[in-house]
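The values are calculated or read from the model by the stated rules, or taken from the named source; none is laboratory data. The structure displayed is predicted, hence computed values, not measured ones. Neighbour counts are summed over all protein chains in view; Cβ atoms, including those assigned to glycine, are modelled from backbone coordinates with ideal geometry. SASA here: full protein model, heavy atoms, side chains in, ligands and nucleic acids out. Shrake-Rupley method; radii C 1.70, N 1.55, O 1.52, S 1.80 Å.
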Amino acid sequence: MGFASKWINLIMKCVTSVTYSVVHSSHILGPITPSRGIRQGDPLSTYLFIICAEGFSALIKSYEANRIIQGCRVPNGAPSITHMLFADDSYLFCQATSDAAESMNRLLRTFELASGQRFNATESSIFFSPNTENSVKEQINSTLGMSEATDGSFYLGLPNIFGRKKTVILGFLKNKIINRINSWDGEFLSHAGKEILLKTVIQSLPTYAMSVFLIPLGICQDIEKIMANFWWKTKSSNGQGIIWMT
């Protein structure tokens with residue numbers, strides 16, 4: 001990335017001079033010298049994390065510049081996308097071919113050797129376009145040592161695969177609200193208590209999903225109906241609820 005050697009040596013002294021001591025049964029064990037890492041709470045931690053992410057991004061760009069891998073384009077004429085980084089998670093895009101899988105595997109191994117960070121294949125998954133053949137999928141999965149993402153997989157609480165049936169995919173929002181309201185069913189709540197729960201809890205549940213997806217009108221109407229039923233529902237003498245208005 002073009003850093004001066006003197007600066008690199010200063011950073012490596014901070015990384016390699018760490019020692020730990022462990023207290024066990026009133027005895028101090030150590031010092032323990034790790035192979036890498038900095039002290040807990042060190043302000044350099046966030047900067048080193050960003051530098052590693054930038055180094056990973058620079059490595060991907062060099063592979064793309066040398067035409068070793070090719071990114072994906074959404075419409076024709078749009079710039080290609082090779083990677084997207086979210087905090088400590090990464091999305092990598094390439095063609096669904098055995099050569100591209102081999103190149104991607106070599107890219108990851110190069111980053112492992114350079115940074116000491118190793119990606120976890122068991123916690124990673126692969127997304128394929130609908131027109132990818134099953135034989136190609138199996139070959140790429142075997143090359144990268146990862147499994148294919150299923151339709152029910154989630155990332156940050158939202159579905160990974162989003163098709164045309166939005167009502168079916170985003171139906172988990174309605175189920176989440178129903179489960180939360182059912183957990184309050186046995187409580188004797190006043191209208192003020194119901195209002196606070198509806199405004200602070202129920203209305204906040206779909207907010208994150210609404211910031212990412214355009215929620216279908218049918219789901220919004222169902223959520224409003226569930227909230228109205230909870231608001232107007234009162235306990236009868238036999239324990240059953242009476243919904244006075246919807």
key: From the options Leu59, Leu44, Leu48, Leu92, residue that is touching a residue at least 40 places away in the same chain (Cβ under 8 Å) and either in contact with a Pro (Cβ under 7 Å, 6 or more places away or on another chain) or of a type in the set (A, V, I, L, M) (or both)   = Leu59
message = Out of everything in the stretch 155-176 that is under 17 Å from Thr207 (Cβ atoms) and either in contact with a Gly (Cβ under 7 Å, 6 or more places away or on another chain) or open to solvent by 80 Å² or more (accessible area, probe 1.4 Å) (or both), what residue ends up being modelled with the lowest pLDDT?
response = Leu156
note = Of the residues in the stretch 117-144 that are open to solvent by less than 60 Å² (accessible area, probe 1.4 Å), in a loop (DSSP other than H, G, I, E, B) and more than 15 Å from Ala100 (Cβ to Cβ), the one that is modelled with the lowest pLDDT is Phe119
ask   = Any chance the stretch 64-82 includes a residue that's open to solvent by less than 90 Å² (accessible area, probe 1.4 Å), assigned to a helix (DSSP H, G or I) and more than 23 Å from Glu148 (Cα to Cα)?
value = yes
request  = Only one of these is out of contact with any Gly (no Cβ under 7 Å at 6 or more places or on another chain), in contact (Cβ under 8 Å) with a residue 12 or more places away in the chain and of a type in the set (A, V, I, L, M, F, W, C): Ala121, Ala100. Name it.
outcome  = Ala100
ask   = With (1) of a type in the set (Phe, Trp, Tyr); (2) assigned to a strand (DSSP E or B); (3) farther than 30 Å from Ile8 by Cα as the list, and Tyr91 as the residue in question, which single condition is left unmet?
value = (3)
Top-ranked residue in the stretch 1-35 [being modelled with pLDDT under 80 and exposed (fewer than 10 other Cβ atoms within 10 Å of the Cβ); ranked as farthest from the chain's Cα centre (by Cα)] = Ser35
task = Return yes or no: is Phe86 under 24 Å from the mean Cα position of the chain (by Cα) and open to solvent by 90 Å² or more (accessible area, probe 1.4 Å)?
result = no
Residues (in contact with a Leu (Cβ under 8 Å, 6 or more places away or on another chain) and closer than 13 Å to Arg180 by Cβ) located in the stretch 191-224 = Leu197, Leu205, Pro206, Ile223
note = Checked Ile38, Ile51 against criteria (assigned to a helix (DSSP H, G or I) and open to solvent by less than 90 Å² (accessible area, probe 1.4 Å)); the one match is Ile51
Among the candidates Asp151, Asp99, residue that is surrounded by fewer than 16 Cβ atoms within 10 Å (Cβ to Cβ), more than 30 Å from Ser35 (Cα to Cα) and modelled with pLDDT under 85 = Asp151
query = Within the set of pairs 6 or more residues apart or between chains, which connect a residue that is assigned to a strand (DSSP E or B) inside the stretch 211-239 to a residue that is open to solvent by less than 40 Å² (accessible area, probe 1.4 Å) and at pLDDT below 75 with Cβ atoms less than 9 Å apart?
reply = Lys233/Gly241; Thr234/Gly241; Lys235/Gly241
